[in-house]
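The values are calculated or read from the model by the stated rules, or taken from the named source; none is laboratory data. All values derive from a computational prediction rather than experimental measurement. All Cβ positions, glycine included, derive from the backbone under ideal geometry; neighbour counts span all protein chains shown.
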Amino acid sequence: MTMLKILHVEDDLDIQEIAKLSLETIGGFEVLQCASGKEALSEVLDFAPDLFLLDMMMPEMSGDVVLLNLRKLPGLQDTPAIFMTARAQRNEIVDLKALGAIEVILKPFDPITLPDQIKTALSIS
Amino acid sequence: MGQDNEKAINKPFTISTICLGRDVIVMKMKQFQGKKYSIGFRYALALIIVPLASPVVVSFIQNATAISSTTLGPISILLLTLAYAWCIWSIRNSPEFGPSEEEKTAYQIKALNDHSIICMTDEHGTITYVNDKFLKTTGYSRDELLGENLTILLPTSIVALYDFARQFVLEGNTWNGEVRMKGKDGQNIWTHSTVAPQIDKAGKVIGTIAIQTDTTQSKIAASEKTMREAFHLLHDEVYMFEADTLRYVYLNQAAMDRCGWNKTTYRKKTLIDKRRELNKDEIFNSADFYDRARPLIDGEVDEIEFILEDDIQVSEVKLQLIQPQNGPSHFISIRRDISERRAFEQTKNDFISTVSHELRTPVTSIKGALGLVLSGATGELHDKTQKMLDIAYRNSDRLTLLINDILDLEKIAAGQMELNIETVNLTELISDSIAANKSYAARLNVSFVGVGLEQKAEGCCDSDRVFQIMNNLLSNAAKFSKKNGEVIVTLSDMGDRICISVEDFGKGIPEEAQSSIFDRFTQADASDRREKGGTGLGLSIVKALVESQNGSIYFTSEVGKGTKFSFELPKIGKTKIKNPTIGLMVAAE
């Protein structure tokens, strides 16, 4: 079985570190982490991920805009996306789902259960 | 001098004598006008002067005619009687004489009865007499009033004033003042009243008589004037237009300013004119308006509320239909500029959003890092380290809860808690919430018992928020239960509402803490927070959530026996259309 490849875009480096440990050590995923949408857009094609895990609130380019731009790239139209957001407004969650997100994970997230949450969301979708 | 000549002279003399007599009497009358001479005295005056003049008259007639004394006797008496009668008649009809005292009194009483509402009562306030105008004004029949106490005509708020006035009059005084009465149909009747005592021959007060002038019309006119003046000064735009023609009958200054009309021009305009002039909307017609105002016309709602947005401002419009019993119906619409409020709400919304992000980001790192370390993902931990990290982790958890709760409260207070009110199957929802909290309760050796969960119960509410309320109440009940205790969850149908209660048999809330149990950061016992966890915000959120869904919450508690929290939710929503996107812009304009 090949390792599931996740592109994680998160501007907070501490959270990046925690998510990396969680996704690689506990979840057993292969992870590419980027600190901005711009960086993600330039590196994503070489990585060819199976899933986007996107932080919502980031300077310059917010998560939803990152997703819209990723979708424009060849071969990424149908890649599933999961958002992580600290804003728990219901309409935002609805909006993100409308954008094609298979799941919206609220911050603070639990690094122990994060891999399971991702697997569940993928199996449902 | 020949007989013919004598005749010619005597005749006019006779007549002039009678006229003289009359004039003298009239002159005397004039002289006595305004003096306190009785009618009898004046008549006596006539009776003395006429008989004194009569022998003179008779002798003149005798001299002037050839009539014998025997014939002349009765004729002269007849003539004298006629002269006397004419004399009296002319006195009575002379403008100087005027009506008799009796007639004057009768006229006054008639005028008084036409003008005033008159009512007499005995000393106990029981009605003994009312005039016709009283009946016409109040709408009661005489039978309905006589024998009743006057208080049946008075609003309860002025009974105390009435008692005071009645006592004052019964002491022999006359009371003057404004009195509001209630008619048979409950209508307000404003009167200016003079209440005087009725005094019997022995000088004892035996009752009261009230003479009242109906001032309702002028009162209404005055209050309408005041109201219109107040309307005129409002910053909000006020439009009032006829329901059948949609023609404007009133615009306040702000409304006139928007339309560019003045007091004379707006009366010629209709809602449709305004729409066409201001919005250049050619296709809009009155049928469109009536379609949109249908819920008001059909009486389904009391008010239609909507938001209008244009390039310049955001306005909130409220449309109502006024249908008086007698008189034409009118629509009244009030348009308020809420641009500033919107801007403020936006700022606050942005603030809440930013704070939640800024606070949650570091907490995410702290909690995440601690969680990973504690899970052993980074290697084995020394016991003491584990213990310390446990404390740190537990408190980062609490910090997360606190942030969530504060933000929830802020959102509710700012009216930004999004509510998705719909018909919800409460039976299912309550069962789900019990299932969701089961494992938490099991850790505390507490079990949930559902009562009434077999019946179908639907409420008008937000399912997520009710779930949040239940989570709070259930976890609280489990937390404060004794070991191996039970928590009873009851669902009951209250007619137009559904009641859900959560009852524990734990230590109960001390009486002194009961009044502040819904306040922020309150727990019955300060040591509870550390021992039982929780932020002390849960119940204030629960209360705010219940109330924002038009529900109510209450509790009963006894120390040592337990606590029962109950909340009620309506089965049907409020009868008020609130839809910002309804696009009913026409209605207001």
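What number of residues in the stretch A:93-125 are in contact with a Ser or Thr (Cβ under 7 Å, 6 or more places away or on another chain) and either charged (D, E, K, R) or within 13 Å of chain B (Cβ to nearest Cβ) (or both)?
8
Tell me, please, whether a residue that is assigned to a helix (DSSP H, G or I) and buried (at least 16 other Cβ atoms within 10 Å of the Cβ) can be found in the stretch B:299-311.
The answer is no; no qualifying residue exists.
Kindly indicate whether B:GLN416 is at pLDDT 80 or above and out of contact with any His (no Cβ under 6 Å at 6 or more places or on another chain). Even if it seems obvious, please write down each step before you answer.
Details: at pLDDT 80 or above: no; out of contact with any His (no Cβ under 6 Å at 6 or more places or on another chain): yes.
So B:GLN416 does not fit the description; no.
Among the residues of the stretch B:258-289, which ones are aliphatic (A, V, I, L, M), surrounded by 15 or more Cβ atoms within 10 Å (Cβ to Cβ) and out of contact with any strand residue (DSSP E or B) (no Cβ under 9 Å at 6 or more places or on another chain)?
First, pick out the residues of the stretch B:258-289 that are aliphatic (A, V, I, L, M): B:271-272, B:278, B:283, B:287.
If we keep only those that are surrounded by 15 or more Cβ atoms within 10 Å (Cβ to Cβ) too, we end up with B:271-272.
Listed by number, the list holds a single entry, B:ILE272.
Filter the stretch B:170-197 down to the residues that are over 18 Å from B:VAL130 (Cα atoms) and among the β-branched types (Val, Ile, Thr) and list them by number.
Result: B:THR174, single match.
Among (1) closer than 30 Å to B:PHE306 by Cα; (2) free of Cβ contacts under 8 Å to residues at least 24 places away in the same chain; (3) at the interface with chain A (Cβ under 9 Å from one of its Cβ atoms), there is one condition B:SER365 misses while meeting the rest; what is its number?
Result: B:SER365 fails condition (1) only.
Looking for whichever is more than 11 Å from every other protein chain (Cβ to nearest Cβ) and touching a strand residue (DSSP E or B) at 6+ places or on another chain (Cβ under 8 Å) here; the options are A:LEU68, A:LEU53, A:LEU45, A:LEU41. Which one fits?
A:LEU53
So that you can scan it fast, the table gives a plain yes or no per residue for (1) in a strand (DSSP E or B); (2) hydroxyl-bearing (Ser, Thr, Tyr):
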{"site": "A:ILE15", "(1), (2)": "no, no"}
{"site": "A:LYS20", "(1), (2)": "no, no"}
{"site": "A:THR25", "(1), (2)": "no, yes"}
{"site": "A:VAL31", "(1), (2)": "yes, no"}
{"site": "A:SER42", "(1), (2)": "no, yes"}
{"site": "A:LEU45", "(1), (2)": "no, no"}
{"site": "A:ASP64", "(1), (2)": "no, no"}
{"site": "A:ASN69", "(1), (2)": "no, no"}
{"site": "A:ASN91", "(1), (2)": "no, no"}
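Exactly one of these conditions fails for B:ARG398: (1) surrounded by fewer than 18 Cβ atoms within 10 Å (Cβ to Cβ); (2) at the interface with chain A (Cβ under 10 Å from one of its Cβ atoms); (3) charged (D, E, K, R). Give me its number.
Answer for B:ARG398: the failing condition is (2).
Out of all the residues in the stretch B:537-589, which are outside the structural domain of B:GLU316 (by TED's automatic domain parsing), of a type outside the set (A, V, I, L, M, F, W, C), touching a helix residue (DSSP H, G or I) at 6+ places or on another chain (Cβ under 8 Å) and modelled with pLDDT under 90?
B:GLY538, B:SER540, B:SER548, B:GLN549, listed by residue number.
Hey, does the stretch B:153-168 have a residue that's at pLDDT 90 or above, within 15 Å of B:GLY207 (Cβ to Cβ) and under 30 Å from the mean Cα position of the chain (by Cα)?
No, there is no match, as no residue in the stretch B:153-168 is at pLDDT 90 or above, within 15 Å of B:GLY207 (Cβ to Cβ) and under 30 Å from the mean Cα position of the chain (by Cα).
Which residues, counting only those in the stretch B:116-133, are within 30 Å of the chain's Cα centre (by Cα) and within 18 Å of B:GLY177 (Cβ to Cβ)?
Passing the criteria: B:SER116, B:ILE117, B:ILE118, B:CYS119, B:GLY125.
With respect to the numbered conditions (1) within 14 Å of chain A (Cβ to nearest Cβ); (2) out of contact with any Lys or Arg (no Cβ under 7 Å at 6 or more places or on another chain), which one is the sole condition not fulfilled by B:LEU453?
B:LEU453 satisfies every listed condition except (1).
In the stretch B:329-362, which residues are within 12 Å of chain A (Cβ to nearest Cβ) and crowded, with 21+ Cβ neighbours inside 10 Å?
Listed by number, the residues that qualify are B:SER356, B:ARG360.
For A:ILE102, which of the numbered conditions (1) under 22 Å from A:ILE15 (Cβ atoms); (2) hydrophobic (A, V, I, L, M, F, W, C); (3) touching a residue at least 24 places away in the same chain (Cβ under 8 Å) fails to hold?
Just one mismatch for A:ILE102, condition (3).
Looking at the stretch A:3-13, which of the residues that are assigned to a loop (DSSP other than H, G, I, E, B) and farther than 30 Å from B:ASP350 by Cα is modelled with the highest pLDDT?
A:LEU4
For the stretch B:108-119, give me each residue that is of a type outside the set (D, E, K, R) and surrounded by fewer than 19 Cβ atoms within 10 Å (Cβ to Cβ).
B:GLN108, B:ILE109, B:ALA111, B:LEU112, B:ASN113, B:HIS115, B:ILE118
What strands (runs of 3 or more DSSP E) lie completely within the stretch B:438-526 and have 2 or more residues being touching a Ser or Thr at 6+ places or on another chain (Cβ under 8 Å) and surrounded by 14 or more Cβ atoms within 10 Å (Cβ to Cβ)?
Once the strands (runs of 3 or more DSSP E) in the stretch B:438-526 are filtered for at least 2 residues that are touching a Ser or Thr at 6+ places or on another chain (Cβ under 8 Å) and surrounded by 14 or more Cβ atoms within 10 Å (Cβ to Cβ), what remains is B:458-461, B:486-493, B:497-504.
So for the stretch B:341-352 (the condition being assigned to a helix (DSSP H, G or I) and closer than 23 Å to B:VAL238 by Cβ), does at least one residue qualify?
Within the stretch B:341-352, one or more residues are assigned to a helix (DSSP H, G or I) and closer than 23 Å to B:VAL238 by Cβ.
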